[in-house]
1. Considering only 219, 37, 115, give the residue with the highest GNM mean-square fluctuation for the chain, with springs between Cα atoms whenever their separation is below 10 Å.
2. How much length, in nm to one decimal, is gained on full extension between residue 224 and residue 47, taken as 0.36 nm per residue of separation minus their Cα-Cα distance?
3. In Å, what is the Rg of the alpha-carbon atoms in segment 64-146, and how long is Dmax?
4. If you scale each eigenvalue of the Cα gyration tensor by 5 and take the root, what three semi-axes come out for the chain, rounded to whole angstrom and sorted largest first?
5. Taking the highest mean first, how do the peptides 230-242, 98-110, 167-179 order by number of other beta carbon atoms within 10 angstrom per residue?
6. Counting helices only, and only those DSSP H runs with n ≥ 4, report the 222 nm mean residue ellipticity of the chain as the sum of -39,500 (n - 2.57) divided by its residues, in deg cm²/dmol to the nearest 500.
7. Pop a pseudo-label 7 angstrom from the Cα along the beta-carbon direction at both residue 154 and residue 86 and give the gap in nm to one decimal.
8. Subtracting the Cα-Cα distance from 0.36 nm times the residue separation, let me have the gained length for residue 162 to residue 252 in nm, one decimal.
Ligand SMILES: Nc1nc2c(c(=O)[nH]1)N[C@H]1C(S)=C(S)[C@@H](COP(=O)(O)O)O[C@H]1N2
Ligand SMILES: [Mo]
C-alpha cells in the first residue's frame, strides 16, 4: 500500500504552521482476505456489474471524530475496483506479519493499494454496497484538490463550499518522484529518493490504466551567487530545468521494486562533481559561484513524464510536481 504523506514539503509552503519535510514513506506487507472474494461469495451476481460505474463499496469505521471533525470516518471506492482481479483490495489484519496495532486499525482495516490513504479505512465496522459514493466527510469534504488561479483573491466561504462540493474526490496516486537526500561528499554528489508509477485516475477502466515507473532522472542548476535557496523557488527551478538545454542523468532504481506493483521504488545516483558541472554547463550557468540544487523527474513505461508543476490548489493537497533539493556542501 502506498502511504500518501509523502509530499509534505509543498504542503508546508501552504500551511506555514506545519513545518514538514519529505522523506516519510513505508512499504508494507499486508495480510488479510481479498474484499473481492468476500463480495463475490456473498453476492455472485456482482460479477456482472464489473464494468458498471453506478455502484460503490462504502466503508465505515467505528471511529467518531466528533461533529466538528466530520462525524463517523468513512469512505468508498467504485464497485468495479472493489471486484477488479488486478487490484488486491484487502480486508487486512496484519502488517509485516504482526497483528495490526490499534493505531493502524486493529482489529480490521481496508487497504486499497495505489490510492490515497484516506480510502483505507481503519477500525472497519461496516461495508455497504450502494448506488452512491460514501457521503462521509473524508469522501465529500476532504481529500479533494481544488485547482484555483493563485493570482486571484481567495474565494468567499460560500464559493469555496460550492467548489468543494463539485470537486472530484482524490483516488489513484499519480506518477511521482521525490528527492530526499542530496549531499556533497568530497568530489562526489550523492542523491537518494523514492518514486512511484501512475495508477491511472480513479475511474474506468481502472487498474489497466496504471503505468509502471521506468526511470528517474536528475539535473542540476546553480543559483546566482549571493542568493540563498528557499523552497518557494522550486517552481522556478523546475521551469528552468524544463526550458533550458538542461541535460538529465539517469539514476539507479532499486531492483527490490521490480514486479512489486503497489510500493515505492527507492533510487539513488552518485556523480563526480565534474559530471555535475557538465550538467550545469548544459544549463548555461557553469561559471558562476553559488549553491547547487538538484531537480528530479520520473518517466513512466509509456515515456510520459511526471507533471512538472501542478496547478496551485486551494487546499494544498496532492502535490505531484518535480522534486527539488539543495545539494548540501
Ligand atoms: N477510521 C479511520 N481510518 C483512516 C483514517 C482515519 O482518520 N480514521 N485516516 C486515513 C488516512 S488519510 C490514511 S493516510 C491512512 C493512514 O494509515 P496508517 O495510520 O496505518 O498509516 O488511514 C486512513 N484510514
Ligand atoms: Mo492520509
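Derivation of every value follows stated rules applied to the coordinates shown; laboratory data play no part. The structure presented is a predicted model; accordingly, all values stated were derived computationally and were not measured. Here Cβ is always computed from backbone atoms with ideal geometry, including for glycine, and neighbour counts include all displayed protein chains.
1. Of 219, 37, 115, the Gaussian network model singles out 37 as fluctuating most.
2. Working: separation 177, 0.36 × 177 = 63.72 nm, distance 6.09 nm.
My answer for the length gained is 57.6 nm.
3. 13.2, 39
4. Values: eigenvalues 299, 104, 62 Å².
They are 39, 23, 18 Å, listed largest first.
5. Details: 230-242: 16.2, 98-110: 14.7, 167-179: 21.6.
In decreasing order of mean packing, 230-242, 98-110, 167-179 become 167-179, 230-242, 98-110.
6. Working: 7 runs with 54 residues, N = 329.
Helix-only estimate at 222 nm: -4500 deg cm²/dmol.
7. The answer from the label model is 4.2 nm.
8. On the way: separation 90, 0.36 × 90 = 32.40 nm, distance 4.52 nm.
Extra length from residue 162 to residue 252 when fully extended: 27.9 nm.
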